[in-house]
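For reference, the structure is listed below as structure tokens.
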Amino acid sequence: MESREMLKHTKLILENVSFDAELFVKEFQKAFVQLLPYDSDCLIEWVDDFIADKPFLQEKLVSKEAGFNYS
């Protein structure tokens, strides 16, 4: 799968699993390590915007940051 298509597919998956914070974090972490560095940066920006109005996702993602460095 081409890089941009993988990023697009990842965003779709994250949107679809956003009802479950644990699953969202798991899918985010999995995608982050599989994407190219530029796409990982794009994904971080997208996730920051996507979770801006979703405090339950923000809380879970921040609590998982201690064990996962995505910056």
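The values are calculated or read from the model by the stated rules, or taken from the named source; none is laboratory data. These numbers come from a predicted model, not from an experiment. Note that we place each Cβ from the backbone using ideal geometry, even for glycine, and neighbour counts take in every protein chain shown. These accessible areas exclude ligands, DNA and RNA; they are computed on the full protein's heavy atoms, side chains included. Shrake-Rupley method; radii C 1.70, N 1.55, O 1.52, S 1.80 Å.
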Residues (open to solvent by 90 Å² or more (accessible area, probe 1.4 Å), under 12 Å from the mean Cα position of the chain (by Cα) and either over 20 Å from residue 2 (Cβ atoms) or not basic (Lys, Arg) (or both)) located in region 23-40
26, 33, 34
Boolean, residue 61 is at pLDDT 95 or above and open to solvent by less than 70 Å² (accessible area, probe 1.4 Å):
no
Please find, within region 2-53, the residue that is nearest to residue 63 (Cα to Cα) out of those that are outside any helix (DSSP H, G or I) and touching a helix residue (DSSP H, G or I) at 6+ places or on another chain (Cβ under 7 Å).
51
